[in-house]
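Please treat every number below as a calculation from the coordinates, not as lab data. This structure is a prediction, so every number in the text was calculated from the model and none was measured. Note: ideal-geometry Cβ built from the backbone for every residue, glycine included; neighbour counts use all protein chains shown.
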Amino acid sequence: MPAKPIGPYTPLVRAGDWLISSGQIGAVDGSIVTGGLHAELRQAVANLAGLLEGEGATLADVVKTTVFLRHLSDYASMNATYVEVFGDSRPARTACGVNELPLGALVEIEAWAYAPRAH
């Protein structure tokens, strides 16, 4: 079940054969999961996967992500978890440091997935 948005936005939009996600944080039922950066990133990606699944897509369909880190010093640590959750099907990526994220999150991820509709 995809996470409910915490603001007035659409979590996932289809534009033709593309699925574009809003930023996903490591939240369940409106609260950040415990366990730090790794737990938050795993949950954020699980939230993303739930959104994609609702459109018949998977993480393997993701071609581009943007990762926002509250502490850019977490970059190397984030990479380890990123490889864990995306496996060998890693999309192109941008990562940047930001001052704050919703709910005090340490990490947020948004994605573009190529998922042609069945005709």
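For a Förster distance of 30 Å, can you work out the FRET efficiency between the beta-carbons of A80 and A15, rounded to the nearest 0.05?
Numbers: r = 32 Å, r/R0 = 1.07.
After rounding, the FRET efficiency stands at 0.40.
Suppose the chain between A118 and L103 were pulled fully straight at 0.36 nm per residue; how much longer would it get relative to their current alpha carbon spacing? Display every interim value, and only then the final one.
Working: separation 15, 0.36 × 15 = 5.40 nm, distance 3.73 nm.
Full extension of this stretch gives 1.7 nm more.
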Of Y75, G87, G23, whose Cα points farthest to the positive end of the dipole of the chain (charges on the beta-carbon: +1 Lys, Arg; -1 Asp, Glu; origin at the Cα centre)?
G23
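At a threshold of 8 angstrom on Cα-Cα distance, excluding pairs fewer than six apart, so keeping six or more, what relative contact order does the chain reach in percent? Intermediate values should be presented prior to the final figure.
Numbers: 221 pairs, mean separation 42.7, N = 119.
That works out to 36 percent.
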Pick from S22, S89, S73: which residue has the top mean-square fluctuation in a GNM of the chain where Cα pairs under 10 Å get a spring?
S73
Please give the direction-averaged projected area of the C-alpha convex hull for region 1-104, in square nanometres with one decimal.
6.6
Going by a ≥ b ≥ c, the root eigenvalues of the Cα gyration tensor, does region 33-77 fall in the rounded group (a/c under 1.5), the prolate group (a/b larger than b/c) or the oblate group?
oblate
About its Cα centre, how strong a charge dipole does the chain have in debye, to the nearest 20, once Lys and Arg get +1 and Asp and Glu get -1 at the Cβ?
140
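Can you tally the net charge around V33? Count Lys and Arg as +1, Asp and Glu as -1, for every other residue whose Cβ sits under 9 Å from the Cβ of V33. Kindly include the intermediate steps, with their values, before the conclusion.
Values: positive: R42; negative: E40.
With Lys, Arg at +1 and Asp, Glu at -1, the net is 0.
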Of T58, T94, T81, which has the largest mean-square fluctuation in a 10 Å C-alpha GNM of the chain?
T94
